[in-house]
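The values are calculated or read from the model by the stated rules, or taken from the named source; none is laboratory data. Predicted model, so just to flag it, every value in this text is computed and none were measured. Cβ atoms come from the backbone with ideal geometry, glycine included; neighbour counts cover every protein chain shown.
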Amino acid sequence: MILGDHQRKIRPKVVYDILLKESDEMHPMSTNEIIERLKERGISAERKTLYEDIKLLNAYGYEVLSERGRSNYYYVVDRSFDIAELRILTDAVDAARFVTAKKTAALEKKLTELAGRTGKETLGAKHLRFDVVKLKNENIFYNVDTLDACISAGKKCSFLYFDYDFEGKRSYRKDMEPYIVSPVQMLFEENNYYLLAVSEHPGITAYRVDRMDRVTMEADDAETGSVADISEFRKQVFSMYGGEAVNIELECDESYVNVIVDKFGFDVTMLKLPGNAVRIKVKVQLSPTFFGWLATGGGKIRIAAPEDAVEKYREHLLKCMPQKTPTEEPNEQ
């Protein structure tokens, strides 16, 4: 039981928390209901002290409205987020693969509690489901927090880095020897958090934050590094990495322009051709990643020039084709 001065100081905050989570204009709470909720949290209150607490809340801008009758009823209307905003936030959490299933449930509970009683019921009715494979590293939030602190303090960080084996278990790289890097900035790409850092490799290296374990701030100052053009870095590292950067021309069906914009942005040079064709000029890295993306078009997009890029794409597709097993010739009688 919370007693004395401590109880008096904390009680108004607890009263507001109760009203924020359990009341709205459709469901006001009576004085007796609030006193009972306070009792459940180990805090005693009387009608007079409750009235003084609510008066104090209103004086400091925490608006609590009341309805008078045989018993006073209180509720909170003005909230930080409306239902539509909370719906978007809960859907975003649900769709984010880096947020584990356990953390998803915890965050959604916190968000729905901001909506009040009616809003909580509305948000509880899921009208949209996401087919997302959730990651399993429960430490990702702590990893992000530590890495952010390292960047702010200008310190190096260390971590173990792992992959998953065929049994779904962690397989640590470098025989569990820690990576020690100079963090530059965080990047959210392809539904994952990445740390961009200066390491023993030339340039900036990207590390998946959900593949990190035992993230620690080091005492040494970080080496300086920067990403001058984050948009270009995204293209080079995440979209079409691993190949020679060249200027090419693509041709696609006009109905495929939305896909082009999603991939390359709005600054792409496009030329309308006769019929429904469009010619696009872009700079890409000719790599399996890029060729794989082209293949998802199902024939709606192709490389038009230069010819050596066309030939490299043909070679890639041939490698992806299953090899025919030679059949034995039947014995002639």
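When you check ASN32 against the structure, is it among the polar types (S, T, N, Q) and at pLDDT 90 or above, yes or no? The answer is yes for ASN32.
Of all residues in region 78-103, those satisfying the criterion of being touching a Ser or Thr at 6+ places or on another chain (Cβ under 9 Å) and not small (Gly, Ala, Ser) are ILE83, LEU86, ARG87, THR90, VAL93, ASP94.
Checking each residue in region 152-169 for being in contact with a Ser or Thr (Cβ under 8 Å, 6 or more places away or on another chain), loosely packed, with under 14 Cβ neighbours inside 10 Å and either of a type in the set (S, T, N, Q) or touching a residue at least 24 places away in the same chain (Cβ under 8 Å) (or both) picks out only ASP163. Comparison of ALA115, ALA197, ALA149 shows that the only residue that is at pLDDT 85 or above and either within 16 Å of the chain's Cα centre (by Cα) or outside any strand (DSSP E or B) (or both) is ALA149.
Please work out if THR269 is hydroxyl-bearing (Ser, Thr, Tyr), under 20 Å from GLU190 (Cα atoms) and not assigned by TED's automatic domain parsing to the domain that holds GLU190. In short, no.
Just checking, does region 63-72 include any residue being of a type in the set (S, T, N, Q) and either out of contact with any strand residue (DSSP E or B) (no Cβ under 6 Å at 6 or more places or on another chain) or buried (at least 19 other Cβ atoms within 10 Å of the Cβ) (or both)? There is no residue in region 63-72 that is of a type in the set (S, T, N, Q) and either out of contact with any strand residue (DSSP E or B) (no Cβ under 6 Å at 6 or more places or on another chain) or buried (at least 19 other Cβ atoms within 10 Å of the Cβ) (or both).
Filter region 1-60 down to the residues that are surrounded by 13 or more Cβ atoms within 10 Å (Cβ to Cβ), hydroxyl-bearing (Ser, Thr, Tyr) and within 37 Å of the chain's Cα centre (by Cα) and list them by number. Correct list: TYR16, SER23. Here ILE230 qualifies as of a type outside the set (Gly, Ala, Ser) and at pLDDT below 90. Taken together, the residues in region 5-59 that are in a helix (DSSP H, G or I) and in contact (Cβ under 8 Å) with a residue 60 or more places away in the chain amount to 4.
The number of residues in region 195-230 that are in contact with a Lys or Arg (Cβ under 6 Å, 6 or more places away or on another chain) and of a type in the set (Gly, Ala, Ser) comes to 1.
In region 170-214, what residues are loosely packed, with under 15 Cβ neighbours inside 10 Å, aliphatic (A, V, I, L, M) and touching a residue at least 60 places away in the same chain (Cβ under 8 Å)? Within region 170-214, none qualify.
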